[in-house]
Amino acid sequence: MTAVGEPPVAGARTVRRLLVVGVALMLPRLVLVWFLLPPAFDLLLVVATLVFVAGLFCIAAALIRHQLRRGRRLLWTGLAGLALVLLAGLVIGVAPAGGDAVAYDGGLLTPLPVALYNYLYLAVGAASQLGLVLLLGSFATGVGRLLARRR
């Protein structure tokens with residue numbers, strides 16, 4: 001039961017569903033890393049990346065709802081988000097994208113060094129996006145809860 005003026009908190013089933021949907025939305029982009037697609041498929045890569053970001057939003061929403069469900073404050077969640085953004089910025093500052101050419105013998109599959117390189121920067125981008133959503137989501141939820149208490 002929630003206090004008067006407090007919005008109801010999501011149940012465990014909702015949190016699990018959000019996590020499953022988030023991971024499922026991230027899979028297409030993770031799979032496409034392994035394929036060398038011609039420029040005609042650039043739109044597919046853009047759509048897969050947007051769907052990947054939507055998956056990150058779902059995961060961040062699940063994490064915030066899980067914290068609320070347990071009755072915890074969102075300060076640490078927001079600080080974790082800030083740490084992820086700063087860490088991603090540090091990695092990009094130390095090792096900017098771009099690198100040496102990798103020998104390629106043709107075919108549809110990406111060479112292993114290229115796929116690992118793509119995964120590294122996909123993980124850095126995911127950390128920054130997830131951190132940003134956790135930071136802003138925690139802040140917005142906290143402000144919303146504060147305003148709901150004042151009514």
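Convex hull volume of the C-alpha atoms in the chain, normalised per residue: 119 Å³.
As a ratio to 2.2 N^0.38 Å, the alpha-carbon radius of gyration computed for the stretch 26-96 takes the value 1.46. Each Cα pair under 8 Å and six or more residues apart adds its sequence gap; the mean of these over the residue count of the chain is a relative contact order of 34 percent. Per-peptide packing, taken as the mean over residues of other Cβ atoms within 10 Å, places 33-46, 61-74, 84-97 in the sequence 61-74, 84-97, 33-46 from highest down. Taking 7 Å steps out from each Cα toward its Cβ at LEU30 and PHE57 produces label points 2.0 nm apart. Using 0.36 nm per residue and subtracting the Cα-Cα separation, the extra length available between VAL46 and ALA83 on full extension is 10.6 nm. Take the chain with all the other protein chains still there, run a 1.4 Å probe, and you get 66 Å² of accessible area per residue.
The calculated FRET efficiency for ALA140 paired with VAL94, based on their beta-carbon distance and R0 = 30 Å, is about 0.45. Within the stretch 69-151, the percentage of alpha carbon pairs spaced more than 18 angstrom apart rounds to 58%.
In the chain, helices alone account for a calculated mean residue ellipticity at 222 nm of -25500 deg cm²/dmol, with every DSSP H run of four or more residues adding -39,500 (n - 2.57). Among the DSSP helices (H) of the chain, those spanning at least 30 angstrom by Cα along their long axis with an average Kyte-Doolittle hydropathy of -0.5 or more are 12-32, 42-69, 112-150; this is a geometric and hydropathy rule only.
The values are calculated or read from the model by the stated rules, or taken from the named source; none is laboratory data. Remember, predicted model here, so these are calculated numbers, not experimental data. Glycine also receives a Cβ, built like all others from the backbone with ideal geometry; neighbour counts cover every protein chain displayed. Heads up: the accessible areas ignore ligands, DNA and RNA and are worked out on the full protein's heavy atoms, side chains in. Shrake-Rupley method; radii C 1.70, N 1.55, O 1.52, S 1.80 Å.
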